[in-house]
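Data first, discussion second: the structure below is written as C-alpha cells.
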Amino acid sequence: MQGAWVLLLLLGLRPQLSLGTIPVEEEDPAFWNRQAAQALDAAKKLKPIQTAAKNLILFLGDGMGVPTVTAARILKGQMNNKLGPETPLAMDHFPYVALSKTYNVDRQVPDSAGTATAYLCGVKANYQTIGLSAAARFDQCNTTQGNEVISVMYRAKKAGKSVGVVTTTRVQHASPAGTYAHVVNRNWYSDADMPAKARKEGCQDIARQLISNVDIDVILGGGRKYMFPKGTPDPEYLSDATQNGIRLDGRNLVQEWQARHQGARYVWNRQGLLQASQDPSVTHLMGLFEPGDTKYEVHRNHTRDPSLMEMTEAALHLLRRNPRGFYLFVEGGRIDHGHHDGRAYLALTEAVMFDSAIDKASQLTSEKDTLTLVTADHSHVFSFGGYTLRGSSIFGLAPSKAHDNKTYTSILYGNGPGGFALKDGPRPNVSDSQSGNPSYQQQAAVPLQSETHGGEDVAVFARGPQAHLVHGVQEQSFVAHVMAFAACLEPYTDCGLPPSAGPNDAAPPGPAAGPPSLPLLAGALLLLLAGAAP
Ligand SMILES: [Zn+2]
C-alpha cells in the first residue's frame, strides 16, 4: 500500500485527488435526517419581509451559470480545507431563488449588453446594444434617439438615493454601462472606438455618458485609458505608451467629473481607495485601477490593486451615509473572461472572490432594509462531469480513461481555445499537475478563438424586503422590476409598502403597521355580533 502512495506521489498526484474521501458520519442515515430536519425547520420559519427596501444591491456574476456556481462552491470549500460540495457559498444562504431566462430579443444565446438592459432597465433588448429597447439596431447610430430605456439605478438617484457601480472590468464595459448608458454598440468605450460617421451623427461614447447621464456617487473598477486625452501617460505604467489615454476629443473626463462636485475624489490605486473611503469629506468617489479591465484575482498585486471585496466595502461605506438609502451594482466581471479564454482556474477563482464580496456586503447590511439579489447575465458552455471522487480537485481528472485510452479532465468546454482541430492529430493526454495549473486551457469539443456563452437559464438569489417575489421561472427583465417595486421606484411609486425597519429595530413592522386587512375587519365584526368583544 505504501508503495502505491509513493508511486502516486512520484506521478505528481496528491493521494486524496485519486482516492477520494467518504466522511464516515455521512454513512449514517441519521446524519442526513438531521441535516434535512434543520433545513426544514429553517424553511418553515421563513417569513416574507413585507416592507419596502431602503437599499438595493445587485450582484452580477458575468457568465456565472449554474455549473460555475457549483464548481466555485467546490473550489471555495476546498480552499477552506473542506471536501467542497457540501460547503455553502455566501449566496447559498439567500432564502429565495428563481430561474432567469436570458435570451436577447434577437438571439437565443445572449451577450452581456442586451442582458444588462434587461436586468438593469427591465426591458429585453438586442444583442450588443445597451440601454435601448429592441427597436434600436446594432451599430446604427440613428436608431438610438427615442429608444432609450432607463435603469433602476437612475430611478433610485431621482428618488434621492445614493448610487454606485463597482466592477472588475473597465467601468465602461457592457454590464456596468447598462446602469447609465444608451448605446447601439457596446464597443464604443471612447470616441476613439467609434466610427467617424457615428460621431458626426451625434452618438456619444460610453465613457462620456458615464460622467454625464446619471450623477453616480461611487464608480470603481478599471478603464482609465478611455477617460484621458490621447497620449496622456498612465500613472501606473508611465513608460508603456500602449497604456496611454486614447480620447480623440482632447477631453479629460476625470477632471470634468471632479469639477462637478466639491467632495469628488479620484483615486487610481488601493491605498488611495482605502483612504478616500474613510474620509468624511469625500462625497463622490471614482477609482479606476487599471487602464483597461482590472487584473484577474490570481494575478492581482495585493498592495497596489484593491480586490472586488475591498471595492464593495469601500462603496458601501460611502453609500450608506445617505439616510434615504442607496442602489449599488457590483459585478464580478471577469468570471466571463476566464471562461472565454477556456481557463476554468481563472473563471472559478474570480467567482470565489465574487462570493466573498457578497459575504462582505451581507455582513455590512441588514436584510431588514436591504434587498440584495445575486444573478448572472448568461451562462457559458462550461461543464464538469466524469464521476470524479468526492474531495478531488475541481480541476482534476476523471477517475476512468476515455474511449481513446487517454485521461480527461472533469472540467470541459463545449467550444473554445482548448479545442483541438483534427488536423493537429489525436486528442492530447493530460496529467493532474497540468490540469491544476492556473493557465491550463481545458479541452473543448470545437476549436474557437474565444469560448462562447451558454444559452440556459441562470439563477437569481434573493435576500431582504420583497425577496420572496423572486420565485419561479422569469424573464430576465423581471429582476429590474422586482428591485424597482421593492424600493417603490418608478413605475411603482404607488407600491403601497410600509417603510422598512432599521437594521437595529427589533422586528420589521407587522400587519398592524398598515391598514387592517379585510379578513381582520370581518373577524372583528363577527366577534361584535356574537357579543364576545370586550
Ligand atoms: Zn462574455
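A few points about this structure:
- Of all residues making up the stretch 219-274, the number that are aliphatic (A, V, I, L, M) and touching a residue at least 60 places away in the same chain (Cβ under 8 Å): 3
- Restricting the stretch 17-63 to residues that are at pLDDT below 95 and part of a helix (DSSP H, G or I), the residue that is farthest from the ligand (Cβ to nearest atom) is L19.
- Listed by first and then second residue, the pairs with beta-carbon distance under 6 Å, at least 6 apart or on different chains, first residue in the stretch 379-390 and on the phi > 0 side of the Ramachandran plot, second away from the ligand (no atom under 16 Å from the Cβ) and modelled with pLDDT of 95 or more, are G386/A398; G386/S410.
- For the criterion of being more than 17 Å from G65 (Cα to Cα) and either at pLDDT 95 or above or more than 16 Å from the ligand (Cβ to nearest atom) (or both), A459 fails.
- Scanning the stretch 343-357 for residues being in contact with a Leu (Cβ under 8 Å, 6 or more places away or on another chain) and more than 16 Å from the ligand (Cβ to nearest atom) gives a total of 6.
- Filter pass, T303 being buried (at least 24 other Cβ atoms within 10 Å of the Cβ), more than 16 Å from the ligand (Cβ to nearest atom) and touching a residue at least 24 places away in the same chain (Cβ under 8 Å): no
- Whichever residue in the stretch 306-342 is farther than 25 Å from G464 by Cβ and surrounded by fewer than 24 Cβ atoms within 10 Å (Cβ to Cβ) and, among such residues, is farthest from the ligand (Cβ to nearest atom): D341
- Residue satisfying all of: in the stretch 84-116; crowded, with 20+ Cβ neighbours inside 10 Å and outside any loop (DSSP other than H, G, I, E, B); farthest from the ligand (Cβ to nearest atom) among these: A98
- Selected residue (only one of P503, P498 is modelled with pLDDT under 95, surrounded by fewer than 19 Cβ atoms within 10 Å (Cβ to Cβ) and of a type outside the set (G, A, S)): P503
- Within the stretch 140-153, residues that are in contact (Cβ under 8 Å) with a residue 60 or more places away in the chain reach partners that are among the hydroxyl-bearing types (S, T, Y) with beta carbons closer than 6 Å, at six or more positions or on different chains, in the pairs S151/T179; M153/T179; M153/Y327.
- Residues satisfying the stated conditions in the stretch 117-132, i.e. part of a strand (DSSP E or B) and over 18 Å from the mean Cα position of the chain (by Cα): L132
- Residue that is farthest from the ligand (Cβ to nearest atom), among those in the stretch 378-392 that are among the hydroxyl-bearing types (S, T, Y) and either at pLDDT below 95 or crowded, with 20+ Cβ neighbours inside 10 Å (or both): S392
- Any chance P280 is within 24 Å of I211 (Cα to Cα) and surrounded by fewer than 20 Cβ atoms within 10 Å (Cβ to Cβ): yes
- A single entry from S435, S439, S400, S431 fulfils the requirement of being of a type in the set (G, A, S), touching a residue at least 40 places away in the same chain (Cβ under 8 Å) and exposed (fewer than 12 other Cβ atoms within 10 Å of the Cβ): S439.
- Neighbours by Cβ (under 9 Å, 6+ apart or cross-chain): first from the stretch 332-351, more than 16 Å from S393 (Cα to Cα); second of a type in the set (D, E) and away from the ligand (no atom under 13 Å from the Cβ): G332/D355; R334/E297; E350/E297
The values are calculated or read from the model by the stated rules, or taken from the named source; none is laboratory data. What you are looking at is a predicted structure, and each value in this text was computed from that prediction instead of being measured. So basically every Cβ, Gly included, is an ideal-geometry build from the backbone, and we count neighbours across all protein chains shown.
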